[in-house]
């Protein structure tokens, strides 16, 4: 099955989706479960296979303490021969002055197959503040490993900004921590002032960093920061923000609040793919965070003549059974 044939949604009720294609040929998937109580992992030789792959719960929240509530946005990374899962957790599901109390944590597994072996807690990723922090990702560029995350600066209005730092190891930051984006446009500030959920795609001499803004209802959307591959990634001026959203609600296709994306590639490695969550309805009863129907979706990225990504619009849902199983 090619990515063009993928059902939409691909995986139901999995928000903040992260798909990584490893050198072993397998796709590894994780994301937030509606109960926010654990981290699950699944794998498949094909993207389509992730839909029916048996999930394995690799970690459960504690009954109390800093990792006992709202387990959010896990990502799986392979770094220096070991597997790492980044995730956010809080000590309570209550908010204070509109903010949750998340911190960022890391799990490690030295098995060849992350579906096996032992996951070991490496502790909290410490930043310059003890404040609301979440949605960590990591990438390597020219021999240096970087960490990007969202955090509340106590001196800055709003919920979260985006920060970048070099890493001493996969669970420790080193050197300066730099803010590279704050919510400044209206589309980043609907409901809440939010920049979160960063993902990095390197292509055509540049680093493209997507992120999500606004409340998690139909206003949720994706923005884009761009840096030249030769620039100093720790210089905020290296990152240029596109002034309009690059991916957002499409009423015509019945797709609402797309965001919190990651990137992967097709089975043959030739096609860049956008992985994101979104709902198929606009109106939500209660808090959008506790509506379970943010589904995992995957679609192709095209590239503009100037070398920048074109994410298009969220494609409509496909009915179950509408797509025939086809081989690549």
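The values are calculated or read from the model by the stated rules, or taken from the named source; none is laboratory data. No experiment lies behind these values; they were computed from the predicted model shown. Glycine gets a Cβ as well: all are built from the backbone with ideal geometry, and neighbour counts include every protein chain shown.
For the range 3-32, enumerate the residues that are closer than 22 Å to residue 78 by Cα and outside any strand (DSSP E or B). Within the range 3-32, 14, 22, 23, 24, 25, 26 meet the criteria. As for the range 172-183, it holds at least one residue that is free of Cβ contacts under 8 Å to residues at least 40 places away in the same chain and either surrounded by 24 or more Cβ atoms within 10 Å (Cβ to Cβ) or over 21 Å from residue 123 (Cβ atoms) (or both).
List the strands (runs of 3 or more DSSP E) inside the range 166-273, counting only whole elements, that have at least 1 residues being on the phi > 0 side of the Ramachandran plot.
172-181, 195-203, 256-265
Can you tell me which condition residue 10 does not meet? The list is (1) in contact (Cβ under 8 Å) with a residue 60 or more places away in the chain; (2) on the phi > 0 side of the Ramachandran plot, and all the others hold. Single failed check for residue 10: (2). Taken over the range 283-328, the residue count meeting the criterion of being in a loop (DSSP other than H, G, I, E, B) and either under 28 Å from residue 219 (Cβ atoms) or at pLDDT 95 or above (or both) is 24.
Let's see how each residue does on (1) within 28 Å of residue 69 (Cβ to Cβ); (2) buried (at least 20 other Cβ atoms within 10 Å of the Cβ); (3) modelled with pLDDT of 95 or more:
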position	(1), (2), (3)
1	no, no, no
9	yes, yes, yes
14	yes, yes, yes
19	yes, yes, yes
24	no, no, yes
29	yes, yes, yes
34	yes, no, yes
42	yes, yes, yes
47	no, yes, yes
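Tallying residues that are loosely packed, with under 13 Cβ neighbours inside 10 Å and in contact (Cβ under 8 Å) with a residue 24 or more places away in the chain within the range 79-111 yields 5. Take the conditions closer than 18 Å to residue 310 by Cα, free of Cβ contacts under 8 Å to residues at least 24 places away in the same chain and either under 20 Å from the mean Cα position of the chain (by Cα) or buried (at least 18 other Cβ atoms within 10 Å of the Cβ) (or both) and apply them to residue 242. Does it pass? The answer is yes for residue 242.
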